Amino acid sequence: MPDGDALVLGGGGVAGISWITGLLAGLADAGQDVTGADVLIGTSAGANVAAQLGSGLPLAELLARQTDPARQASEIPADIEIMSAEMEQFMADITAPEEARRRMGAWALAARTVPEAARRRVIESRLPAHDWPRRRLLLTAVDARTGEPRFFANDSGVGLVDAVAASCAVPGIWPPVTIGAHRYIDGGFRSLDNADLAAGSARVTIVSPMGFDPPFPVPMPLRAAVDELLAGGSEVTVLVPDESSRAAIGANPLDPATREPAARAGREQGLAGLPPAARRPLPGLVADAGPGRRASGLLVPPAGSWAARQP
């Protein structure tokens, strides 16, 4: 029988960090705090937020660290358009996710980026505490040489700063992170959310800045992960950016200037509360990917998030 609560936080750049933080703060202000989950699963941006939640700072303080320039972390500006153009050329003719991860790793290892130490200082400045929390954290990364996924947890023997840095080492933008004899890239190249890792939890809340349609092939898309969780008996709620939040996140989620608007838009979305749980019809699921769109082959209603429950 599924047991406990899991909070899954997906990737989405510095804008994603801010939006997730704002959304969680808004939900808490609306009386629906989901941050007390038994396990926090973080990927890329979500790894940062999961570690920040584990620090014990209240959500209001974490939100202020996104909206108040005097409290914001020291970030290094990056242009996702340059990365996207180079990645498109590098990934030409690849359809298999496993091969995509290996090729992305090779590209990341060869790319000219800022020094690893400079990037690590950014991660240090983001995290209020550098020790693993007592409750379970699971942070995702990908081995740059083999393409194999790696999951860092409290008992992995890896420092929290290094685990977070590995999880958000975007290829071509940031250097792969050295841990022991291995180097790691962004865990989003396995899945932008890695929500399937919440299997076995009775209630799963997924906060996905990138939503249902990843910009590159991954072996575990969000739709497939949700189907898998539902089949295992979990109750699943997914929150994706609404129209205002998408506008605030903008075209370059790596731009530090997006932090304040994304956080404020996330909080406003969170104040609307969680969607009511819906029972999935037949073998599909009730989902919301935006007005007039379809998820898992079913027509979805026009809203900014969706929920599904195993019948």
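The values are calculated or read from the model by the stated rules, or taken from the named source; none is laboratory data. All values reported here derive from a predicted model rather than from experimental measurement. Note: ideal-geometry Cβ built from the backbone for every residue, glycine included; neighbour counts use all protein chains shown. When the accessible area is computed, the model is the full protein with side chains, heavy atoms only, and any ligands, DNA or RNA have been set aside. Shrake-Rupley method; radii C 1.70, N 1.55, O 1.52, S 1.80 Å.
Entry remark, the stretch 236-260: residues being farther than 24 Å from residue 190 by Cβ and in contact (Cβ under 8 Å) with a residue 24 or more places away in the chain number 12 in total.
Please indicate, with yes or no, whether at least one residue in the stretch 101-113 is surrounded by 14 or more Cβ atoms within 10 Å (Cβ to Cβ), within 21 Å of the chain's Cα centre (by Cα) and small (Gly, Ala, Ser). So far as the stretch 101-113 goes, yes, one or more of its residues are surrounded by 14 or more Cβ atoms within 10 Å (Cβ to Cβ), within 21 Å of the chain's Cα centre (by Cα) and small (Gly, Ala, Ser). How about the stretch 20-52: which of its residues are among the aliphatic types (A, V, I, L, M) and in contact with a Cys (Cβ under 9 Å, 6 or more places away or on another chain)? Once the filter is applied, which keeps residues that are among the aliphatic types (A, V, I, L, M) and in contact with a Cys (Cβ under 9 Å, 6 or more places away or on another chain), the stretch 20-52 yields 45, 47.
Residues in the stretch 141-164 that are out of contact with any strand residue (DSSP E or B) (no Cβ under 6 Å at 6 or more places or on another chain), under 27 Å from residue 218 (Cβ atoms) and either open to solvent by 70 Å² or more (accessible area, probe 1.4 Å) or in a strand (DSSP E or B) (or both): 145, 148, 155.
Contact annotation: residue pairs with Cβ atoms under 7 Å, 6 or more positions apart or on different chains, pairing a residue in the stretch 64-75 that is within 15 Å of residue 16 (Cα to Cα) with a partner that is open to solvent by 20 Å² or more (accessible area, probe 1.4 Å) and in a loop (DSSP other than H, G, I, E, B), are 65/71; 65/72; 66/72.
Using beta carbons and a limit of 8 Å, which pairs, at least six apart or on different chains, have the first residue in the stretch 180-209 and farther than 16 Å from residue 230 by Cβ and the second one of a type in the set (Gly, Ala, Ser) and in a strand (DSSP E or B)? So the pair list comes out as 184/141; 185/141; 186/141; 187/141. Inside the stretch 61-82, residues that are aliphatic (A, V, I, L, M) and either in a loop (DSSP other than H, G, I, E, B) or touching a Phe, Trp or Tyr at 6+ places or on another chain (Cβ under 6 Å) (or both) make up a count of 4. Of the residues making up the stretch 189-224, those that are of a type in the set (A, V, I, L, M, F, W, C) and more than 22 Å from residue 166 (Cα to Cα) number 5. If you go through the stretch 83-112 one residue at a time, how many are at pLDDT below 85, hydrophobic (A, V, I, L, M, F, W, C) and under 11 Å from residue 171 (Cα atoms)? Residues in the stretch 83-112 being at pLDDT below 85, hydrophobic (A, V, I, L, M, F, W, C) and under 11 Å from residue 171 (Cα atoms): 2 in total. Looking across the stretch 119-140 at every residue that is in a helix (DSSP H, G or I) and free of Cβ contacts under 8 Å to residues at least 60 places away in the same chain, the one that is nearest to residue 175 (Cα to Cα) is identified as 119. Among the residues making up the stretch 18-48, a single one is assigned to a helix (DSSP H, G or I), open to solvent by 10 Å² or more (accessible area, probe 1.4 Å) and of a type in the set (A, V, I, L, M): 28.
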